[in-house]
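Since the structure comes first, as structure tokens, the remarks are kept for the end.
The values are calculated or read from the model by the stated rules, or taken from the named source; none is laboratory data. Remember, predicted model here, so these are calculated numbers, not experimental data. All Cβ positions, even for glycine, are placed from backbone atoms using ideal geometry, and neighbour counts span all protein chains on display.
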Amino acid sequence: MSKADSVRLYKVRKLISELNDKEGRGTELVSLYIPPKKPIHEAIANLREEWGTAGNIKSDTTRNHVQDALTKAMQRLKLYKTPPDTGLVVFSGALPTNGPGSEVVNVWEIVPPKPVTQYLYQCDDHFHVEWLRDMLRDEKVFGLLAIDSSDVGMGILSGGSLEVVDIMTSGISGKTRKGGQSARRYERGREMELTYFFNRVAEHATRTFIDSNKITGLIVGGPGPTKEEFLKGGYLHYELQKKIVAVLDLGYSGREGVRELVEKAGDILKDVRLVEEKRLVQKFLGEVNRQGGLAIYGLPRVIESLHKASADVVLVSDDLDMVRLSATCKKCETVKSQTASASKKVQERREMAAVPCASCGAVDYDFSETDIVDVLEEMAFQGGSRVEVISSGTEEGSMFKTFGGVAALLRYRN
């Protein structure tokens, strides 16, 4: 995933989470996947045919819901002259707002992170988000193996995720000979222990990197010559031998060695999202801890920096879970806005509704809400900045959350 894709992927994950558990009354929910090369007018014509076919549905309610969903989808497609570079995904359907009979037709659209390969239309009792979910799977999956004579660590690196999946200690005797043993006999015993350990490592590596995870590349590292002895000894499965992309000298093995491998293999892993996130968070930490550093944190200060166009890169935690609530006066169309956490938005909305309009004194509003990432992205676009979404499940992401989950790297101090 490239740098520019982090917001898009955040939106895809959020949409999948939002739609995954939604159910219609019957087969009333429309899922539409349009490849980048399919003309929009053809997609609209296809939906128009489906609209006519839906006229044969016996149930008045189901027929109306399906046709309304198709109409909404066609209206949305008319906003496009051609599909985006990766195609377009549209979901449309009638969903209850307060029990049976309260259904409202909604439509969602998203530009997918990878190209849609074929035109797909489904009308079902649920939205077909599984094809969109498949697009989130990172094509590059790296295996990490950090070995020494004392222990070994194995990890899986994919996109924004690093998982240490296996840690093994060797139980091998130290290099100092015990009293009463000849040097040669002791060395033979140690060699046998090392051979047994290498065989165990190879078996675990096969299970971890071939059986459980289909890795695209393997990076091996560790302190001292043990890693070379392991590789030259032919213990590793031949498929894994072919996938080795680097052998690196490390200060550690085991769990710490796996993390160090990610640090040392920066050039090899430059297209892996986790490495980019680590770089961004570490740059932020360096700037925020430096006197006069070019970094700020906290939503109000970040928004201020975007207004002043001093923000260069805005960092947002993927679980910030905040929205911008907007209340538009129905009488004079004056708009007032407030930021709230998702858990408190209902309470915040009530409080906003209770306060009369500052312009005309009316208390009748139309409400809308926007995810804070969308708000920041729009503001960043206006000022020539960019937004990067940081995974909360990583070590750096967890550290970043202690600063409130939103920050900015600055072009200059405000």
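Just to be sure before I move on: is A54 in the same structural domain as F127 (by TED's automatic domain parsing), small (G, A, S), touching a strand residue (DSSP E or B) at 6+ places or on another chain (Cβ under 6 Å) and in contact (Cβ under 8 Å) with a residue 12 or more places away in the chain in the structure I sent? In short, no.
Quick grid of which residues meet (1) aromatic (F, W, Y); (2) in contact with a helix residue (DSSP H, G or I) (Cβ under 6 Å, 6 or more places away or on another chain); (3) part of a strand (DSSP E or B); (4) more than 26 Å from N64 (Cα to Cα):
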residue	(1), (2), (3), (4)
A94	no, yes, yes, no
E109	no, yes, yes, no
P112	no, no, no, yes
P115	no, no, no, yes
Q118	no, no, no, yes
Y121	yes, no, yes, no
W131	yes, no, no, yes
R137	no, no, no, yes
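Within segment 134-144, the set of residues being over 23 Å from V12 (Cα atoms) and out of contact with any Lys or Arg (no Cβ under 8 Å at 6 or more places or on another chain) comprises F142, L144. Scanning for something under 20 Å from K114 (Cα atoms) and assigned to a strand (DSSP E or B), does segment 68-85 turn up at least one residue? Scanning segment 68-85 turns up no residue that is under 20 Å from K114 (Cα atoms) and assigned to a strand (DSSP E or B). Scanning segment 57-76 for residues that are without any contact (Cβ under 8 Å) to a residue 40 or more places away in the chain and among the aliphatic types (A, V, I, L, M) returns I57, M74.
Mind checking whether some residue in segment 20-38 is charged (D, E, K, R), assigned to a helix (DSSP H, G or I) and either farther than 24 Å from S102 by Cα or assigned by TED's automatic domain parsing to the domain that holds V323 (or both)? Lay out the reasoning, then the answer.
So the first thing to find is which residues in segment 20-38 are charged (D, E, K, R), and the list is 21-23, 25, 28, 37-38.
Filter once more, so that each one left must be assigned to a helix (DSSP H, G or I): none.
Within segment 20-38, not a single residue is charged (D, E, K, R), assigned to a helix (DSSP H, G or I) and either farther than 24 Å from S102 by Cα or assigned by TED's automatic domain parsing to the domain that holds V323 (or both).
Note on segment 330-345: residues that are within 21 Å of F400 (Cβ to Cβ), in a strand (DSSP E or B) and without any contact (Cβ under 8 Å) to a residue 24 or more places away in the chain amount to 1.
With respect to I296, is the statement that it is more than 21 Å from G153 (Cβ to Cβ) and either without any contact (Cβ under 8 Å) to a residue 60 or more places away in the chain or in the same structural domain as S398 (by TED's automatic domain parsing) (or both) true?
On the way: more than 21 Å from G153 (Cβ to Cβ): yes; either without any contact (Cβ under 8 Å) to a residue 60 or more places away in the chain or in the same structural domain as S398 (by TED's automatic domain parsing) (or both): yes.
So I296 passes the test.
M74 meets each of the listed conditions (1) within 29 Å of the chain's Cα centre (by Cα); (2) buried (at least 17 other Cβ atoms within 10 Å of the Cβ); (3) modelled with pLDDT of 95 or more apart from (1).
Could you go through segment 295-318 and let me know if any residue there is hydroxyl-bearing (S, T, Y) and closer than 28 Å to F367 by Cα.
The answer is yes, given that some residue of segment 295-318 is hydroxyl-bearing (S, T, Y) and closer than 28 Å to F367 by Cα.
Tallying residues that are more than 38 Å from the chain's Cα centre (by Cα) and surrounded by 16 or more Cβ atoms within 10 Å (Cβ to Cβ) within segment 185-219 yields 3. The set of residues in segment 97-116 that are touching a residue at least 40 places away in the same chain (Cβ under 8 Å) and touching a strand residue (DSSP E or B) at 6+ places or on another chain (Cβ under 9 Å) comprises E103, V105, W108, I110, V111, P112, V116. Scanning segment 128-168 for residues that are charged (D, E, K, R) and under 17 Å from G222 (Cα atoms) turns up D148, D151, D166. Could you tell me whether E130 is at pLDDT below 95, assigned by TED's automatic domain parsing to the domain that holds S31, among the charged types (D, E, K, R) and within 19 Å of K11 (Cβ to Cβ)? Judged against the criteria, E130 is a match. With respect to D364, determine if the residue is acidic (D, E) and crowded, with 17+ Cβ neighbours inside 10 Å. When the stated conditions are applied, D364 does not pass them.
Beta carbons closer than 7 Å, at least 6 apart along the sequence or on distinct chains, pair a first residue in segment 126-149 that is of a type in the set (K, R) with a second that is assigned to a loop (DSSP other than H, G, I, E, B) and surrounded by 23 or more Cβ atoms within 10 Å (Cβ to Cβ) for K140/V272. When the residues of segment 220-263 are filtered to those that are surrounded by 15 or more Cβ atoms within 10 Å (Cβ to Cβ) and of a type in the set (F, W, Y), the one that is nearest to S170 (Cα to Cα) is F230. Here segment 9-56 is the region considered, the condition is being among the hydroxyl-bearing types (S, T, Y) and out of contact with any Leu (no Cβ under 6 Å at 6 or more places or on another chain), and the residue that is surrounded by the fewest Cβ atoms within 10 Å (Cβ to Cβ) is S17.
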